[in-house]
Amino acid sequence: MEYPWLDAFLCSMPGAAKDYKAEWGWHRYQVDGKLFAALCAPGPQYKIYGGHPLLTLKCDPPYGETLRETFADILPGFYMDKRNWISVCLDGSVPEEVLRTLCDHSYARVFGGLTKKRQREILEMANG
């Protein structure tokens, strides 16, 4: 399954910034310098992750467990804390509406960890 809307969707989140970490081969999406999503394509040496385009997202631990039990294409976070991050195989069968919800969830978890003052500043900048 392909998600041509994904990059624009992640970049549209208030205060979102995208960069490319060449050493890792990751496109990173951050808010206020804090990672909320990453796109990468690990090589075959990375076992279950290898050969799949992945989207790695922050996730509430119990929700992440439920997702991994429900969807074969949702794995523990690649190269991240497996308790707080998940990776979605983008060549799998996770429905678009689920992926959009997961992106929103990840952004909300990271944005919610910012100070209230910083949250207001980001929202004010985003709303012009």
Seminar exercise, completed: Using a 1.4 Å probe on heavy atoms of the protein chains only, the accessible area for Y63 in Å², nearest 10, reads 80 Å²
Problem set entry | Interchain or long-range residues, amide H under 5 Å from L35's placed H | none
Problem set entry | Loop GluC sites (Glu not before Pro), segment 1-93 (other Cβ atoms within 10 Å of the site Cβ: 13 or fewer; DSSP) | E2, E23
Problem set entry | Approximate spin-label separation A41-A72, in nm, with each point projected 7 Å along Cα-to-Cβ | 2.3 nm
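Whenever you get a sec, line up M13, M80 from highest to lowest accessible area (probe 1.4 Å, protein heavy atoms). Kindly include the intermediate steps, with their values, before the conclusion.
Values: M13 20, M80 45 Å².
Accessible-area ranking of M13, M80, largest first: M80, M13.
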Seminar exercise, completed: Checking D73, D19, D60 against a Gaussian network model of the chain (alpha-carbon springs below 10 Å), the top fluctuating residue turns out to be D19
Exercise. What is the magnitude of the charge dipole of the chain about its Cα centre, with +1 placed on the Cβ of each Lys and Arg, -1 on the Cβ of each Asp and Glu, and no other charges, expressed in debye to the nearest 20?
Worked result: 540 debye
Seminar exercise, completed: With N residues in the chain, Rg(alpha-carbon) / (2.2 N^0.38 Å) equals 1.04
Exercise. Lysine pairs in the chain with alpha-carbon atoms under 21 Å apart, 8 or more places apart or on different chains: how many are there?
Worked result: 12
Exercise. For N84, what is the net charge nearby, where nearby means another residue's Cβ is under 11 Å from its Cβ and Lys, Arg count +1, Asp, Glu -1?
Worked result: +2
Exercise. Using the C-alpha atoms of segment 14-82, what convex hull volume per residue, in cubic angstrom, is computed?
Worked result: 100 Å³
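The values are calculated or read from the model by the stated rules, or taken from the named source; none is laboratory data. Computed from a predicted structure; not experimentally measured. Virtual Cβ from ideal backbone geometry, glycine too; neighbours counted across all protein chains shown. Keep in mind that these areas ignore ligands, DNA and RNA; they rest on the heavy atoms of the full protein, side chains included. Shrake-Rupley method; radii C 1.70, N 1.55, O 1.52, S 1.80 Å.
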